[in-house]
Amino acid sequence: MTQLATRDLTIRFGGHVAVDAVTCTFEPGTLTAIVGPNGAGKTTFFNLISGQLKADSGTVTLGGRDLSRASASQRTRAGLGRAFQLTNLFPRLTVLENVRLAVQATRPGTHRRGLNLWSVWSDHGELMARADAILDAVAMKARENELVANLPHGDQRKLEVALLMALEPQVYMFDEPTAGMNHAEAPVILDLIRKLKQDRSKTILLVEHKMDVVRELADRIVVLHNGALVADGAPAEVIASPIVQEAYLGVAKEAA
């Protein structure tokens, strides 16, 4: 079972400490929601874990392996999957071609040989079946031949989840997965996350502002405020804590 952990993870932008010595462990079989008011450091914390930002100090480990000096692509190969920012879409290829590339990337040695989109896919029936199954899972089989550049925003988000699923990471990281989606589109993404939760060997991290989504999906809530971890525990316990009522829920009520 692969455990993700951060220890004293810290980054500063000038005189501002955006993430302040955050130590946290994430276990397989658990969906952890990371919440906090705007500017709390949630996305920056995600960027430090996925390797898009380099920490000033502290460590990131996965399964006991220190990834602190690894690049974003190296962390992806190690099993960290970052949705919506790490995943790249190829706008001039079709939906199916995008998913096939991602499926092909899971083949042993692909990162050394490079991808060959024009390989004879009929020789790889298992990989083709996997691509088709993923498109079915994200309800995009009917649009498999459309160019990605022509897709509406919601479908591009669904495709990004499909590509992440194709890479079969140990850790799924979702940063506000339904942002910008309409009421008809959002349930598809949430249903996908529910299905991913059923695999108890996977770890899921979710940054989300919508507390109804957090209450429904989270097994655990971590609260960041001014870059520091201020609460960590079961959803009912954390939501009821005074510091969360003041730092997060109070802001949400004012916005409402």
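Restricting attention to segment 162-197 and to residues that are part of a helix (DSSP H, G or I) and touching a strand residue (DSSP E or B) at 6+ places or on another chain (Cβ under 8 Å), the residue that is nearest to L101 (Cα to Cα) turns out to be L167.
To keep it simple, each residue is scored yes or no on (1) closer than 15 Å to L229 by Cβ; (2) exposed (fewer than 15 other Cβ atoms within 10 Å of the Cβ); (3) β-branched (V, I, T).
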residue	(1), (2), (3)
V22	yes, no, yes
F26	yes, no, no
G29	no, yes, no
F46	yes, no, no
I49	yes, no, yes
L53	no, no, no
S57	no, yes, no
D66	no, yes, no
S73	no, yes, no
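Read-outs throughout are calculated quantities, based only on the coordinates presented, and are distinct from any laboratory measurement. Note that the structure is predicted; figures quoted are calculated from it, not measured. Note that each Cβ is placed from the backbone with ideal geometry, even for glycine, and that neighbours are counted across all protein chains shown.
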